[in-house]
Each structure stands twice: as C-alpha cells, then as structure tokens.
Amino acid sequence: MNLTILLAIPVLTLLAVLLLPGARQARWAALAGAAVQLAASLVLLLRFRAARADGGKGFLFQMQHDWYPDWNIGFHLGVDGISVAMILLTTLVVVAGVLVSWEEARMPKTFFAMLTLLGLGAYGFFVSLDLFAMFFFLELAVVPKYLLIALWGSGRKEYSANKLAIMLMGASVAILMGIIALMFSAPDGQWTFDMLRIVEWDVPADTQVTIFGLIFIGFGVFTALFPFHTWVPDGHSSAPTAGSMFLAGISMKLGGYGCLRAAVWLLPEGALAYGDAIVGLSVIAILYGAFVTLMQTDLKYINAYSSVSHCGFVLLGIGMLTKAAVAGAVLQMVSHGLMTALFFAVIGMVYVRTHTRQVAEMGGLMKPMPFIAVLMFLAGLSSLGLPGLSGFVAEMSVFVGGWERDTAFHRSATVLAAMSIVVTAVYVLRAIGATMMGPLRDQAHAALTDAAWYEKAAALVLTAGILAMGLAPGWLNDLVGPDAAAIVTRLGTSTP
Amino acid sequence: MRDKFYFDELYLFVTKEVIFRFIGAPAAWIDRKVVNGLVDLTGNTALKVSDAVKGLQSGRVQQYALFFLGGLIVLVLLMTYLF
C-alpha cells in the first residue's frame, strides 16, 4: 500500500474545504475526506495484517524520497503495528469530531479546515520514519490546536490557548535540541534523520541518557507528564467540543507515540536509566490526577483531569519496559483516545442543550435525553475499566506487564496505579449519577431534545471502536504486540 | 438490619470526610496553586522582564549613542584592569 495516500487524502480534503464556496459544501467535504481516510486506514489494517502473515517484518510499505539532501533530511515513510493502531484511532476521532461539529456556526469553513489540518499533522507524524519529518508534522498540528481554542473556545480561552501553545512549543524545543544533539553523536559524522539508520548507531551510553531526557520530557509534555500537565485541564476545557476530542484523542497520543518511537526505541540506554523515574512520575500522575478529578465540578474539567490520570498509564507502561506493559501503553493510547473523545463529545452534546457544564446544575437528564445518557455511561464505564470495554484491556495489560518486573519498587508502583481504578469509579459514577440519574433538577430541562443524527453517528463511530477493542482485544494485541516486543527486546528487560 | 449495619454511613464518612477532605481537596489546591502557580509565575515573570527591558528599545538615537558610549567605557575599563 502506498502510504502517501494517507497524506494525500487530508491535503485534498483541506483544499476542498477551503476552496468550496459555501459552508455546507465545506462540511460535507470535511466529512467525505474523513470517511475516505477511515476507509483507507481500514484497507491499511487489512493489507498490513496480510503482509505480516506473509512473513513481513519491521516497518512495512516503506518509501523514501529526498527532501533536503544537504542535511540528509528525507521523506521516509513506513508503518509498524503501533503506527497502524494510532492511524486507526486518529481516523475514528477525526470522523467523529467532524460529525459532532456539524452545526458549527462560527466560521465553519475555517473550523473544518483546522480539524483537517490537525488530522494531517497526526497522520504525517505516525507514518514518518524520519525524525525531522516527524518533528515537522508534530509542529504542524500545534497551530490548529492554538487557533481552535483561541477562536472557537469558551471561558478563559486566550489564557488556555497561550498556555497550551507555549508549553507545547517549549516541549518542542526540548525535542529539537535532543534531535540535534543526536545528529552530533552520529558515529562517522554522517548526519541522518532516518530512524532506521539511527537505531543502528552505536551512541555512547552517557550521551544516550542526556539526549533521552530531552526527547522524552519533550514528548512527555504532550502526553501530560507530571508536573508538565497543567496545559491539559485548561486547554481541554476551553476548547470547543471537537477541539477537546482532538486534543485528548489525537494530540496527547502524539506524545506517547513519540516517547516510544523517538526516545525508548532509539536510545535504549536512556530508557534503562530513566525507566524508574518515568514509573515514579506516572504513578504520581495517575493517583494525583484521579484525586484532583474527584474535586472538579465542571464536566470538562472532570474529563480533562481524568485524562492526566489515564495518560499516566501510557507513561507507566512505557516506563515498565516490558513487552506486555509497552503493548499495554499502546492499547491505552487507543482506548483512552476513543473513550475520552466519546466523553468530550457527550459533554458537548449536554452543553449545547443545557448551556452549563456544572454538575450541580444538572440532574435527571436521562429522561429528556436517554441516548446521550447511555453514551455517557458507556464512556464512563470504559474509563473506569469495566471488562468488555476498551479501558479494561489496556489497563490490565499495563498491570500484567508492570508486575513482570519483580522488584519491590515496580510491584508497589503497579499496585498503587491499580488502586486509582477505585477513585476513577468514584468520580465517574458520581458525575454520571448526579447529571443523568434521579429526578429532573431543572424543570426547563424537561423540554430538551435527545441526540441529533450527526451526534448519534459520531458517537456510534467511537462506540464501535470501544467495543471492537473491548470485546475482541486479540486483533489489536496481535497488531501492536510484536512491535512493542521489538522495542523492548533492545533493552533486555523483559522475560521472553 | 434496619440500619444496614451502618455501611452507608461508614462509606460516606470514608469518602466525604477522609478522602475528599484530606486527599482530594489538598491535591486540587496544590495543582492549582503550586503546580499551575509555577507555570503562571514563569509566564508572568517573562512578561515582567520584557516589560522592564522594553524601554531600552526607545528609538531615540541619542539614547542608543549613550548606551554605546557607556558600553565602550566599560569595555575599556575591563581591558585595562583585567589584562
């Protein structure tokens, strides 16, 4: 399969959205582009599985073009199981995000263009095997994030947009410094940004440790590494619904994927040196995020802080450095992406009807809007790790992988992280109970309508993903397992 | 049995009086005031510093000439006393 298709579709979609005269055509173009991309990613999944079944190893469907030959910057594309999983997640979230924004009234053309551009950045990031190209696409995705919050946001939107942009730009500086430092440690002085060649370099251990710190912390900020997580609650809460979905469902995953691909895979000595620190920080993020979520009264802040907690599982899985845990980290990225996008979509649906996000001002909403209430239960139950839904599969895999490390430190970290599930259950059930169950709190809410067709469609796309992962986790585990193992095998920490 | 062995009361006491008050509330306070406070402090310090130094970019050539002259004197003094 030609991977440039995955970049060509969003580029053409972007052009169509911008060039078509009316807002109605623009949103249909955005939806059509997102749907075609979803179809393309499903074809990619089937082709990838077929190629692996035929004995294909490592990165498949590779293609290479020169981009800036003087500095050996190339346009090297290729995918492994982890990237295929992330691409699938992105396509699902993009389709749902476009659908949820169907009635966007403020500058709709630009809005859909921003969504498409953010998607393009993510697809480019996930298919790039060249560090520079990867960095380029990472930055490409920051611009629409800023604009989505600053132009279409609510509340303290300028503050949140600035904070997000500055913190992510600061993180990008760390990543760029790390990449440049890596270039200067090229063994024969021959720069290359091609990860398949860098991985064969023999970089001295202490250099690896230094560079790992820069790259991992940089990408860590994107995925809410404690204590660099404070852009998450403000950014997610101020963003418009689709913006929150894209931030939590796609943007934070760029960080997790980058940590794994650019830091752990390329710099194994750094991963071994920093592993325990990552475990420590992620356990703090998991528990602390969960407890802070308990105290939130705004639905969006609840989901945003719970994202800090859930993304902690991604970093925990990576820090444990075992096959099951790293595979679990990838599963958690997919799971969290789907269920948190669904949660933000539902919160958006509730907000446009009730004009409030305060839990205390709602109650009994299940009567006027049963469909939306069921969706909220589904997202919440997946969030607290109910078996049969996606969260259980991912968190279980991280716990099993964490337990494989038989030191007291790693095992107590695993136990502490597992205990957060109880706290998650408390805040999820309290929030859903207070807003959806019981008698109607505000009689004006009795006349509210249930989900419209586009909202139902958006929710069904994400629900299908959550159920496909929760009820039949085998296919996804088979997809990411071998490549998670390939990363960990370089470290020598996992039992075979 | 009428009071369900006070399980509901026990549960409410543990969650509301212990977990919420002694763990949740301090954690939320720390996050907003300390962790986020440091982020805001960094941003506000940058603003204050730029506010303090923006006067240097006055556009007045005489002032630039004064800075140039002052710098020259400092350099000359440094050169004379250090080397």
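Assorted remarks:
- Phi-based couplings in Hz for the stretch B:20-26 (Karplus 6.51, -1.76, 1.60; Gly and Pro marked x): 5, 6, 9, 10, x, 4, x
- Interface burial in the stretch B:14-49, defined as at least 50 Å² less accessible area with all protein chains than with the chain alone at a 1.4 Å probe, covers B:Phe20, B:Asp31, B:Arg32, B:Val35, B:Val39.
- Protection proxy ranking of A:375-382, A:304-311, A:270-277, A:14-21 - average other beta-carbon atoms within 10 Å, highest first: A:304-311, A:375-382, A:270-277, A:14-21
- The stretch A:1-45 shape via C-alpha gyration tensor axes, a/c threshold 1.5: oblate
- Where A meets B: accessible area buried, both sides, 1.4 Å probe, Å²: 1300
- Solvent-accessible area per residue for the stretch A:80-199 (1.4 angstrom probe, square angstrom): 29
- Angle between chain A longest axis and helix A:4-19 axis [Cα atoms, degrees, rounded to 10]: 40
- Against the empirical curve 2.2 N^0.38 Å, the C-alpha radius of gyration of the stretch B:4-82 lands at a ratio of 2.50.
- Axis angle, to the nearest 10 degrees, between helix B:36-53 and the longest C-alpha principal axis of chain B: 20 degrees.
- Kirkwood Rh and Cα Rg combined as Rg over Rh, evaluated for the stretch A:356-453: 1.16
- Within the accessible area of chain A (1.4 Å probe), percent carbon and sulfur: 68
- Scaled to the globular estimate 2.2 N^0.38 Å, the Cα spread of the stretch A:4-489, given as radius of gyration, is 0.92.
- Only Lys, Arg, Asp and Glu carry charge here, each on its Cβ (+1 for the first two, -1 for the last two); on that basis chain A has a dipole of about 1300 debye about its Cα centre.
- Largest-first principal axis extents of the Cα set of the stretch A:419-460 (Å): 39, 28, 9
- Calculated from backbone phi, Karplus (6.51, -1.76, 1.60) coupling profile of the stretch A:410-417 in Hz, x at Gly/Pro: 5, 6, 5, 4, 4, 5, 4, 4
- Here the sum of -39500 (n - 2.57) over DSSP H runs of 4 or more residues, divided by the residues of chain A, equals -24500 deg cm²/dmol at 222 nm, to the nearest 500.
- Residues losing 10 Å² or more accessible surface upon assembly, the stretch A:144-176, compared with the chain by itself, 1.4 Å: A:Tyr159, A:Lys163, A:Met167
- Each distinct pair of alpha carbons in the stretch A:1-98 adds a 1/r term; the inverse of their mean, the Kirkwood radius, is 14.9 Å.
- Filter on A:Lys157/B:Lys16; A:Lys109/B:Lys33; A:Lys300/A:Lys456; A:Lys456/B:Lys16; A:Lys109/A:Lys157; A:Lys163/A:Lys367 - keep pairs with C-alpha separation over 30 Å: A:Lys157/B:Lys16; A:Lys109/B:Lys33; A:Lys456/B:Lys16; A:Lys163/A:Lys367
- Rounded tilt (10° steps) of B:61-82 against the dominant C-alpha axis of chain B: 90
- A 1.4 Å probe run over the protein chains yields, for the stretch B:36-76, 82 Å² of accessible area per residue, whole-number rounding.
- Label-point separation in nm, B:Leu72 to A:Leu12, each point 7 Å along Cα→Cβ: 6.6
- For the stretch A:263-295, heavy-atom accessible area (probe 1.4 Å) falls by no less than 50 Å² from the chain alone to the full protein assembly at A:Tyr288, A:Phe291, A:Met295.
- Modelled spin-label separation between A:Arg49 and B:Lys33, with each label point placed 7 Å from Cα along the Cα-to-Cβ direction: 5.4 nm.
- The relative contact order of the stretch A:129-190 comes to 29 percent, based on Cα pairs under 8 Å that sit 6 or more residues apart.
- Placed amide H near A:Ala451: partners under 5 Å, 5+ positions off or other chain: A:Phe371, A:Ile372
- Neighbouring Cβ atoms from other chains, within 10 Å of the Cβ of residues in A:410-416, number 0 on average.
- In this rough spin-label picture, where each label sits 7 Å from Cα along the Cβ direction, the A:Arg430-A:Arg490 distance is 4.3 nm.
- Computed over the stretch A:286-393, the ratio Rg/Rh where both radii use C-alpha atoms and Rh is Kirkwood: 1.02
The values are calculated or read from the model by the stated rules, or taken from the named source; none is laboratory data. In this text, all values refer to a predicted model and were calculated from it rather than measured experimentally. As a convention, Cβ positions derive from the backbone with ideal geometry for all residues, glycine included, and neighbour counts pool all protein chains shown. With ligands, DNA and RNA removed, areas are computed over all heavy atoms of the protein, side chains included. Shrake-Rupley method; radii C 1.70, N 1.55, O 1.52, S 1.80 Å.
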